[in-house]
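Every number here is computed from the coordinates shown, using simple stated rules; none is lab data. Fair warning: this is a prediction, and the values are worked out from it, not measured in the lab. Here the Cβ positions follow ideal geometry from the backbone for every residue, glycine too, while neighbour counts run over all protein chains shown.
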Amino acid sequence: MPKDSSTPDSIPRLITCMLESSNAFCILRLKIHELIIVCPMLFSYCLGRNKNNKNDKNMKVVVIGGGMGGVAACVGIRSYVASSTQVILVEPKDHVEICWATYRALFDPEIAKASLYPLDLFCSKHNVLHIMSSVTKLELLPTTTGDDNDNNTDTTDTDASIKVTCDNGTIMDDIDVCVVTTGATNPYAAWGRGKEYLSLSRPERFAAMAKYGKSLLDAKTVVIVGGGLVGTELAGDIAVFSRDIAQSTRVIIVHTGERLCHKELQETASKMLQEKLAELGVKSILSEKALVEGNKVTLESSGQVIQADQVIMANGIHPHNNSFVDAQYKDDKGWIVVDEYFRVKGAERKLFAFGDCATALPNTGNSIVNNISTIGYNVKGVLDVAHNGKEPWISKHAAHSDVYICTVGHDDGVAQTPLLSFDSALPAWKNYSMFLYDARSKLELELEEGDQKC
Ligand SMILES: Cc1cc2nc3c(=O)[nH]c(=O)nc-3n(C[C@H](O)[C@H](O)[C@H](O)COP(=O)(O)OP(=O)(O)OC[C@H]3O[C@@H](n4cnc5c(N)ncnc54)[C@H](O)[C@@H]3O)c2cc1C
């Protein structure tokens, strides 16, 4: 049963720690009343361990998708499971990208280099096997529990096995737990998300970023459809970077909301943002719907027509390339439905989904890095069921942050915390670092020497 929120984390975590790291000394850190609870549990856990003939050595976890969600899952899982448990990452690219820096990376090659991390360094550091391919099929195969009288064919059962097929012909079976982290796609090619926009190698992605950045600075008029955080940050950067080279691209944001970033920002912060963008010459057209035909944008209510050199759709994301996940596990929009433990509903003992592809939490990198430990701990909990047949100890996902920071070009921006909105400190820090250091340290990523500038 899912852990009650009042249950102290120390107990399951201690058991995990003792059994997996053989650190028996950690018992000395427990208080007497905790020992009274832990000892019987530990005893029954150890008894249960022998019930199953599968041991840690042949446990196999497959993570599908190597974006921020995938590498976060690998880090989390590796920190809880025994080193003998196989962790396999299936990802067609040779690198992972910190997407939240991409809008700046289009114009700043130093940021571009520092936001793309080679997966080979990551995988060798974390004892993860990288299969450079895309998954085309994921099957949950009902099996009997091994008991002669057991005709159990329920795929939610721990003894169901998972089989994964990749487009390079690799077939993996006998998988104990699978974590799907295939992300989402934005329809703007420069973000590099989605099968048709994918750059497989790091040099290819650098080149693509530089190409898209240059084309924006060369454009006379760019229309951004969608005035959320992604659209407004990009608008500010186009305005400032084009001004820096005396090209002054005209930027227009068309937004259905009454104010910019109306879903994330309150009125004060939203107003500040709009004023700053206006000072840079960015025009915000609010409460309007853009009807787009190629590079022609018609405003639905006024009928005004804008002919642009480029139209960027920044009005939301879509589930990406997860057709290999059975429809029964997805909602009507195609997102994978999970509970608050990141377990896929209907396959709780076998499948997890994490990051943008899943229904839990907003689609932010921040939510991912705040839940590295949760996903690792919960996968471990479910793997343990295969050992002892008991309900797993798992924990609920961490809440997402209420702090929003929206840059306006490389020197300005707006931050909103639950208490107040302001335009110094945090925006300045984001502009300076793009929070790449934070992502790099939490996701335990490494760059080649010479690329580590932020
Ligand atoms: C421009 C932009 C700005 C953003 N700004 C912020 C911000 O300021 N703050 C913030 O917190 N978040 C921000 N985000 C959101 C954040 O970056 C995402 O939430 C995060 O990157 C999602 O990671 P993910 O791993 O779930 O998905 P993705 O990064 O999309 O990764 C999915 C991976 O799965 C792989 N894949 C897909 N299908 C398959 C398959 N069949 N087999 C194998 N692999 C597959 C893909 O190749 C990809 O590498 C921003 C995003 C963008 C695009």
message: Please give me the summed charge of the neighbours of G70: other residues whose Cβ is under 12 Å from its Cβ, Lys and Arg +1, Asp and Glu -1.
response: -2
task: Run the quick spin-label model on L129 and A428: label points 7 Å from Cα toward the beta carbon, then report their separation in nm to one decimal.
output: 5.1 nm
statement: Between A246 and L200, Cβ-based FRET efficiency (R0 30 Å, step 0.05) works out to 0.25
- prompt: Computed FRET efficiency, Cβ-Cβ of E267 and N58, R0 51 Å: what is it to the nearest 0.05?
  reply: 0.35
Among the listed pairs K195/K330; K137/K330; K163/K195; K137/K195, those beyond 18 Å (Cα-Cα): K195/K330; K163/K195
- prompt: Using the reciprocal of the averaged 1/r over all distinct C-alpha pairs, how large is the Kirkwood radius of segment 306-454 in Å?
  reply: 18.4 Å
- prompt: Mind listing P(r) for segment 253-294? All alpha-carbon pairs, 10 Å bins, whole percents.
  reply: 30, 51, 17, 2
field: Principal axes of segment 365-433: Cα extent on each, largest first, Å
entry: 56, 24, 13
Inter-probe distance in nm under a simple model that places probes 7 Å from Cα toward Cβ, at T136 and I171: 1.2 nm
- line: Once amide hydrogens are built 1.01 Å from N within the peptide plane, the residues lying 5 or more places from H130 or on another chain with amide H under 5 Å from its amide H are L89
- prompt: How long is segment 233-340 along each principal axis, judged by its Cα atoms, biggest number first, in Å?
  reply: 52, 34, 33
